[in-house]
1. Nearest 5 is fine: what % of DSSP beta bridges in the chain come out antiparallel, could you say?
2. Considering only protein heavy atoms, what is the solvent-accessible area of His338 at a probe of 1.4 Å, reported in Å² to the nearest 10?
3. List the chymotrypsin sites (Phe, Trp or Tyr not before Pro) in region 108-148 that DSSP assigns to loop (not H, G, I, E or B) and whose Cβ has at most 10 other Cβ atoms within 10 Å. Which are they?
4. Taking the Cα atoms only, what angle lies between the long axis of helix 358-371 and the longest principal axis of the chain, rounded to 10 degrees?
5. So how tilted is helix 417-427 from the main axis of the chain? Cα-based, degrees 0 to 90, rounded to 10.
6. Figure the gain on full extension for Lys455 and Glu73 (residue separation times 0.36 nm, minus the Cα-Cα span) and round it to one decimal in nm.
7. Can you work out the PRE-style zone for Phe394? Point 7 Å along Cα to Cβ, and I want the residues of region 363-381 with backbone N under 17 Å.
8. Enter the Cα centre distance for the pair region 288-313 and region 348-390, rounded to the nearest angstrom.
Amino acid sequence: MTKANAIIETGWNIDNSYARLPKSFFTSLNPVPVRSPELIILNYPLATSLGLNVEALKSKDDIEVLAGNRIPEGALPLAQAYAGHQFGHFTMLGDGRTLLIGEQITPLGERFDIQLKGSGKTPYSRGGDGRAALGPMLREYIISEAMHALGIATTRSLAVVTTGELVIRETDLPGAILTRVAASHLRVGTFQYISKWGTAEDLRILADYTLKRHFPEVEADESRYILLLQEVIKSQAMLIAKWQLVGFIHGVMNTDNMAISGETIDYGPCAFMDTYDPATVFSSIDLYGRYAYENQPSIAGWNLARFAETLLPLLHVDEAQAIKLAQDAISDFTELYHSNWLAGMRAKLGIFNQEIQDESLVESLLRMMQKYHADYTNTFRALTFDRPEDTVLFGTTEFAQWHELWQARLGRQQEPKASSHQLMRASNPALIPRNHRVEAALEAAVKQGDYSVMKKLLDVLSDPYAHSPEQADYSTLPEMSTCPYRTFCGT
């Protein structure tokens, strides 16, 4: 059996639609080979859904593919160009350490980007080495797969391989490459790049490509470009609401990290909130809290306004009319987000219908949680199983009064308490990827070469709404620390 045949038998079915766009959109190049790749983890269910043969992927030839040492048949690797507002400042960017290998066409006819992260320098590396360390790549694998299990739109992780080489950060670290799977890697920053440095025709080509790939139901409509804006606004309103509902903090909501597809992308300084505090920030570089938990909805609106600006030439020939169309669309975001968030909060409290006082009921609970430093996930989990004594709120006059109002609210709907319980079980996860658990898994993997801790964590995170006995230990809180938890970019 030849090596070429081995690659074909894996099930790679690569197309390169992005490579057929204008050459100014990207730079064609191959990954930089690595010394001695070793497969660390492979996502079996994801591989199967992509139409890939799991056993073949574990072969030496295909580990070389996952490391960038070999290119699947038909693939045309490239680094995408884009721009972005980073902490509010506009700059030219691009794939500095990632390459789009191509687009896998699944047995169901779906199209997914296959991207290698940590694959070496590109023209957009801006002085970086183009490589990635093992810990951050495993971190993205854990968090992105946990987000998928939580029912939140996200890029996925297919595999992590070590490179047999060291990368230099504050110290020497083992190098690794992550294979990322995404609906696409089109970003708000992609449109900003073309708007700034491309032609009007380039912008139209990009918008038409985006419509065909993500919103084919409206691509033939005469008003397709305003519909494109509206669809992206809708998907982001739903996405950000889901982040807030599970206490997820992205950490670096730059415009280049907002995917047009509505998927969560880029898991650098992200983390999940333990104690409920709207001002929570984890990123070491977010000194002023721009991307704090409470600011994520408004930042999303700001990013979408930047997206709308890029589309103005396509919205109407008259600039004033184009601006009005864009402003009208953007003005819908706040209400769309709020309705998604409130619907999610109702579900977390077992409420099926709508009453005007519902938002006050939710806000009262959140204020108490903040006042008494209650754990976000575990508080809702305790309410789900009617164990208020498991929360720090129990025993306070405020909570007793709130609990009475909540029970009365449940009693005013037609659905029985058993149905409310089921709704809450399906809306409140038993566990999240607790920061201390993620760090323990990464430390065991990176420092000791022990991947069992990570694999066990992934296993319990794979069905967060199971509320199984095995998950109980993973819902416990970390020991008190005088040092706040911090996450880092430059991974």
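The values are calculated or read from the model by the stated rules, or taken from the named source; none is laboratory data. All values derive from a computational prediction rather than experimental measurement. FYI the Cβ positions are ideal-geometry reconstructions off the backbone, even for glycines, and counts take in every protein chain you see. Protein only, heavy atoms only, side chains kept; ligands, DNA and RNA dropped before computing areas. Shrake-Rupley method; radii C 1.70, N 1.55, O 1.52, S 1.80 Å.
1. 95
2. Taking all protein chains as shown, His338 has close to 50 Å².
3. Here no loop site has a sparse enough neighbourhood.
4. Between helix and principal axis, roughly 90 degrees.
5. For 417-427 against the chain, the angle is about 30 degrees.
6. Full extension of this stretch gives 134.4 nm more.
7. 369, 372-381
8. After rounding, the separation between the Cα centres reads 28 Å.
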